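The values are calculated or read from the model by the stated rules, or taken from the named source; none is laboratory data. Just so we're clear, the structure is a prediction, and the values are computed from it rather than from any experiment. Here Cβ is always computed from backbone atoms with ideal geometry, including for glycine, and neighbour counts include all displayed protein chains. All accessible areas refer to the heavy atoms of the entire protein, side chains included, with ligands and DNA or RNA removed. Shrake-Rupley method; radii C 1.70, N 1.55, O 1.52, S 1.80 Å.
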Amino acid sequence: AMPGGRMSEGQFVTAVVEEAGCWLLLDVNNVYVNARNHGQDPLAVLEALPLHRTRQIHIAGHVEEGGRLLDTHGRPLVDPVWELYEQALA
């Protein structure tokens, strides 16, 4: 969350894609990593995004370092990211 921000991430991304008339490249691992790092439910974060505007989905692995998850693309996907991907497809 940005200091002073008045929108959630989902609201912000929705506003951007709607105003720009563009499509969304959904990075499922990034949704998972960000949600976990901010103490949020990854599925709730996913469902708050403008999934109806999604045209491509990206998935990659991450690492845990110092108690935080880092989206590095350097590891295989973990089961919770696969499950979130399945939810995004649904």
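With a sphere of radius 13 Å drawn around the Cβ of ASN37, what net charge do the other residues whose Cβ falls strictly inside it have (Lys, Arg +1; Asp, Glu -1)?
Cβ neighbours under 13 Å give a net charge of -3.
For the chain, the carbon plus sulfur part of the accessible surface works out to 51%, probe radius 1.4 Å. Once both labels are positioned 7 Å from their Cα atoms along Cα-to-Cβ, the gap between GLU86 and HIS38 label points is 2.6 nm.
Average accessible surface for the chain: 67 Å² per residue, computed with a 1.4 Å probe over protein heavy atoms with every protein chain in place. On C-alpha positions alone, give me the angle between the axis of helix 79-89 and the longest principal axis of the chain, in degrees, nearest 10. The angle comes out at about 20 degrees. Projecting the alpha carbon convex hull of the range 8-58 along each direction and taking the average yields 3.1 nm². Close amide H partners of LEU24, meaning residues 5 or more places away or on another chain with modelled amide H under 5 Å apart, are THR54, ARG55, GLN56. Distance between the 7 Å Cα→Cβ label points at ARG75 and VAL16: 2.6 nm. Per residue, the average separation of C-alpha pairs within less than 8 Å and at least 6 apart gives the range 1-89 a relative contact order of 29 percent.
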